[in-house]
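Have a look at the structure below before the remarks.
Laboratory data are not the source of any read-out in this text; all were calculated from the coordinates shown. None of these values were measured; they are calculated from a predicted model. Cβ coordinates were reconstructed from backbone atoms using ideal geometry, including for glycine residues, and neighbour counts include every protein chain displayed.
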Amino acid sequence: MQHTPIQYDEVKSPFIVDRLRETDWQHHAYIADLLRLARYIERNGPHSCAEALQYRQLQAHYPTEFLALEIEQREGRSVPTEEFQRMKEEQQRKRVAEDTQRFQNEQQARREQQRSLNAAYASWRTAGGRA
């Protein structure tokens with residue numbers, strides 16, 4: 001099977017063209033990923049298990065780009081660079097808030113686990129168990 005190179009000069013998506021213009025060649029995989037993501041959106045999702053795995057991975061790795069491509073496909077309008085930057089900043093704030101909440105939940109769970117272990121140890125000692 002012969003691999004066909006990506007024809008970047010034939011990209012139709014205004015959003016991807018804007019990202020291409022901002023991207024150095026050494027990061028061309030980013031544009032290739034956006035093209036894959038756009039193809040899945042155009043086709044109304046993946047059509048196999050392997051595609052589903054790749055689609056979910058791309059969607060998770062590029063959440064803001066996914067939203068912008070969805071807007072472009074579903075609403076038929078291009079997402080200007082300024083709007084994309086605002087979306088990206090909002091996504092970053094959301095990610096920081098989620099990470100902070102997750103960290104706080106993990107800390108709370110550790111404290112509760114330690115309290116439970118301390119109570120079990122105290123009960124053990126009260127019952128005559130050795131340290």
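What the table shows:
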{"read-out": "Residues Lys94, Lys88, Lys12, sorted so that the one with the fewest Cβ neighbours within 10 Å comes first", "value": "Lys12, Lys94, Lys88"}
{"read-out": "Fewest-first sequence of Thr126, Thr64 by Cβ atoms within 10 Å of each Cβ", "value": "Thr126, Thr64"}
{"read-out": "Overall Cα dimensions of segment 9-79, principal axis frame, Å, largest first", "value": "32, 30, 22"}
{"read-out": "Computed lengthening from Glu112 to Arg93, 0.36 nm per intervening residue step minus Cα-Cα distance", "value": "4.0 nm"}
{"read-out": "Choice from Ser116, Ser13, Ser48 showing the highest fluctuation, given a GNM over the chain with Cα pairs closer than 10 Å", "value": "Ser116"}
{"read-out": "Linear extension gain, Gln7 paired with Arg130, 0.36 nm per residue minus alpha-carbon span", "value": "37.0 nm"}
{"read-out": "Quarter of Cα convex hull surface for segment 81-126, i.e. mean projection, nm²", "value": "2.5 nm²"}
{"read-out": "Residue-by-residue Karplus 3J(HN,Hα) for segment 62-71, coefficients 6.51, -1.76, 1.60, Hz, glycine and proline x", "value": "10, x, 6, 5, 4, 4, 5, 5, 4, 4"}
{"read-out": "Residues Val79, Val11, sorted so that the one with the fewest Cβ neighbours within 10 Å comes first", "value": "Val11, Val79"}
{"read-out": "Selection from Gln73, Gln101, Ala119, by position along the positive dipole direction of segment 35-131 (Cβ)", "value": "Ala119"}
{"read-out": "Gain in span if fully extended, Ala122 to Gln101, counting 0.36 nm per residue against the direct Cα distance", "value": "4.4 nm"}
{"read-out": "In order through segment 14-28: 3J(HN,Hα) via Karplus (6.51 cos²θ - 1.76 cosθ + 1.60), integer Hz, x for Gly, Pro", "value": "x, 4, 5, 4, 4, 5, 4, 5, 8, 10, 6, 4, 4, 10, 5"}
{"read-out": "Rounded to 10°, Cα long-axis angle of helix 81-126 versus longest principal axis of the chain", "value": "20 degrees"}
